[in-house]
Amino acid sequence: MPQEVENLIAIARIKYLAKELNITKISSKNIDTNTLIMFIFEHNKIKIDLNEIVKKYGNTVKFSNGIKPSITLKIKTQNEKQTLKDITTILGVFRDGVKKHLLRNLLIIINVVQIADLYINQIKRR
């Protein structure tokens, strides 16, 4: 398959993943031998685990909170194919962070419901 077609398929995959994560724009910029990738999110729609992102990417990641919150990541390549592959991998990490965030919230809700149930049962016994 021609490289151009592979790139178009990768871009379609990236757009699909980005939409799931409320990312409105992804841009890249080559600087020296690196590429900076910026992910811009819908306002108040970042639901990923930022701690996990920092653990995984360390000082190569920067966050900006504002009207258009963003995450910028520096990767050590300027190769277009590798950049597309890295973006897809990063979006997978973001998606895993969303799952962890949702699971954590669900566990909190379950705990609150269990505590409320215990409290209600104590009141009924009186």
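Every number here is computed from the coordinates shown, using simple stated rules; none is lab data. Note that the coordinates shown come from a computational prediction; the quantities given were computed from them, not determined experimentally. So basically every Cβ, Gly included, is an ideal-geometry build from the backbone, and we count neighbours across all protein chains shown.
Annotations
- Residue separation of VAL93 and GLN114 scaled by 0.36 nm, minus their Cα-Cα distance, works out to 4.4 nm of gained length.
- Applying 0.36 nm per residue to the separation of ASN65 and ARG126 and subtracting their alpha-carbon distance, the gain on full extension is 16.9 nm.
- When the GluC sites (Glu not before Pro) in segment 15-106 are filtered for DSSP coil states and for at most 14 other beta-carbon atoms within 10 Å of their beta-carbon, the remaining sites are GLU42.
- Short-range pairs are left out: with C-alpha atoms under 8 Å and at least six residues apart, the relative contact order of segment 2-92 is 32 percent.
- Theoretical ellipticity at 222 nm over the chain - DSSP helices of four or more residues, -39500 (n - 2.57) apiece, nearest 500: -20000 deg cm²/dmol
- Relative frequency of Cα-Cα separations exceeding 27 Å in the chain, percent: 32 percent
- Rounded to the nearest 10 degrees, the inclination of helix 3-20 to the longest alpha-carbon principal axis of the chain is 20 degrees.
- Tensor-based shape of segment 1-53 (alpha-carbon gyration tensor, a/c under 1.5 rounded, otherwise prolate or oblate): oblate
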